[in-house]
Amino acid sequence: MSNIADAFDHGKAFIAFITCGDPDLATTAAAVREAAANGADLIELGIPFSDPTAEGPVIQEANVRALAGGVTTDKVFEFVRELRRDVTIPLVFMTYANVVFSYGSERFLARCREVGIDGLILPDVPFEEREEFLPVCRECGVKFISLIAPTSSDRIAMIAKEAEGFLYIVSSLGVTGTRGEISTDIASIVAEVRKNTDIPCAVGFGISKPEQARAMASVSDGAIVGSAIVKLLAQYGKDAPTYVGEYVKSMKDAMKTIG
């Protein structure tokens, strides 16, 4: 199984998010492979959910399309098993607590271990409630990845000290989606993180342009992009993987010049 640390051991990490099953799992597989081949260091795989509260309209609509197409959690696990025949970069699931609860937490995490998932992100689980998932995650060797928001302030040190895998720094208040400008003082958040942990941190929410990825990666360990990639899948459908690969390459290239 890959290790999340691998994503950060050769420069700034580019992390791509893709919703599983939009427009279908075969296209998702092709998009994942194109992203990996063009420089993605880690990929977040979204398990579709009917009420993705942290997501903006782009990813919400991708969830609706995937569910309408018949994607289930079991199908996603089998999909990952097939991906792992040749995709070696770290893979993490990003989904919601109800998806894990309804599947059965122990069963869900055991299957994550079985198919080669390295981490789990549950954006609707506050740090203080992570104990509902953390013990079984550790038992199965799956990193439970914490998020730090602009409003975390005096909680940043606490969250950082307990971090596993990598820290997901949320760039802006609100839901996911592309933004013209990111005004949050990310550097000060990262500085507080650095005082409390050696775990890498990457910035997500709102990043869509190469210059934004470069700016965020210049003050952190990497950049996370979701909505801009999901938009390509919505726009081009089954033809999207080539465009996804080209986009990932442009973002990764912009980050390579950071010293």
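The values are calculated or read from the model by the stated rules, or taken from the named source; none is laboratory data. Predicted, not measured: the structure shown is a model, and the values here were computed from it. Cβ sites come from the backbone with ideal geometry, for glycine too, and all protein chains shown count toward neighbours.
Of the residues making up segment 39-61, those that are at pLDDT 95 or above and small (Gly, Ala, Ser) are Gly39, Ala40, Gly46. Might you check whether a residue that is of a type outside the set (Lys, Arg) and not in a helix (DSSP H, G or I) occurs anywhere in segment 55-62? Yes, because at least one residue in segment 55-62 is of a type outside the set (Lys, Arg) and not in a helix (DSSP H, G or I). Hey, does segment 97-108 have a residue that's in a loop (DSSP other than H, G, I, E, B), of a type outside the set (A, V, I, L, M, F, W, C) and in contact (Cβ under 8 Å) with a residue 40 or more places away in the chain? No, the conditions are met nowhere in segment 97-108. Would you say Arg138 is in contact with a strand residue (DSSP E or B) (Cβ under 9 Å, 6 or more places away or on another chain), within 27 Å of Asp6 (Cβ to Cβ), modelled with pLDDT of 95 or more and surrounded by fewer than 15 Cβ atoms within 10 Å (Cβ to Cβ)? Yes: the conditions hold for Arg138.
Which residues, counting only those in segment 4-27, are touching a Gly at 6+ places or on another chain (Cβ under 9 Å), of a type outside the set (Gly, Ala, Ser) and touching a residue at least 60 places away in the same chain (Cβ under 8 Å)? Passing the criteria: Ile4, Phe8, Lys12, Phe14, Ile15, Phe17, Ile18, Thr19, Asp22, Pro23, Asp24, Thr27.
One line per residue, one yes/no per condition, for (1) out of contact with any Phe, Trp or Tyr (no Cβ under 7 Å at 6 or more places or on another chain); (2) of a type in the set (A, V, I, L, M); (3) modelled with pLDDT of 95 or more:
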{"position": "Glu211", "(1), (2), (3)": "yes, no, no"}
{"position": "Ala217", "(1), (2), (3)": "yes, yes, no"}
{"position": "Gly222", "(1), (2), (3)": "no, no, yes"}
{"position": "Gly226", "(1), (2), (3)": "no, no, no"}
{"position": "Ile229", "(1), (2), (3)": "no, yes, yes"}
{"position": "Leu233", "(1), (2), (3)": "yes, yes, yes"}
{"position": "Pro241", "(1), (2), (3)": "yes, no, yes"}
{"position": "Val244", "(1), (2), (3)": "yes, yes, yes"}
{"position": "Lys249", "(1), (2), (3)": "yes, no, yes"}
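For the subset of segment 141-175 comprising residues that are in contact with a Leu (Cβ under 7 Å, 6 or more places away or on another chain) and of a type in the set (Phe, Trp, Tyr), which member is surrounded by the fewest Cβ atoms within 10 Å (Cβ to Cβ)? Checked segment 141-175; the qualifying residue surrounded by the fewest Cβ atoms within 10 Å (Cβ to Cβ) is Phe144. For Arg113, the conditions (1) within 24 Å of Glu246 (Cα to Cα); (2) surrounded by fewer than 20 Cβ atoms within 10 Å (Cβ to Cβ) are fulfilled apart from (1). Taking every residue in segment 148-167 that is more than 13 Å from Pro126 (Cα to Cα) and pairing it with any residue that is surrounded by fewer than 22 Cβ atoms within 10 Å (Cβ to Cβ) and basic (Lys, Arg), at least 6 positions away or on another chain, the pairs with Cβ-Cβ distances below 8 Å are Ala157/Lys195; Ala160/Lys195.
Selection of segment 32-57 for residues being aliphatic (A, V, I, L, M), crowded, with 21+ Cβ neighbours inside 10 Å and closer than 22 Å to Val203 by Cβ yields Val32, Ala35, Ala36, Ala40, Leu42, Ile43, Leu45. Is at least one residue of segment 180-194 among the hydrophobic types (A, V, I, L, M, F, W, C), touching a residue at least 24 places away in the same chain (Cβ under 8 Å) and outside any helix (DSSP H, G or I)? For segment 180-194, residues among the hydrophobic types (A, V, I, L, M, F, W, C), touching a residue at least 24 places away in the same chain (Cβ under 8 Å) and outside any helix (DSSP H, G or I): present.
One residue is enough: does segment 214-233 have a residue meeting the conditions over 15 Å from the mean Cα position of the chain (by Cα) and at positive phi? Looking through segment 214-233, none of the residues is over 15 Å from the mean Cα position of the chain (by Cα) and at positive phi.
Residue pairs whose Cβ atoms lie under 8 Å apart, separated by 6 or more positions or on different chains, with the first residue in segment 115-138 and closer than 21 Å to Asp74 by Cα and the second among the polar types (S, T, N, Q) and outside any loop (DSSP other than H, G, I, E, B), are Phe133/Ser105; Val136/Ser105.
Just checking, does segment 84-96 include any residue being assigned to a helix (DSSP H, G or I) and either at pLDDT 95 or above or not aromatic (Phe, Trp, Tyr) (or both)? Taking every residue of segment 84-96 in turn, none turns out to be assigned to a helix (DSSP H, G or I) and either at pLDDT 95 or above or not aromatic (Phe, Trp, Tyr) (or both).
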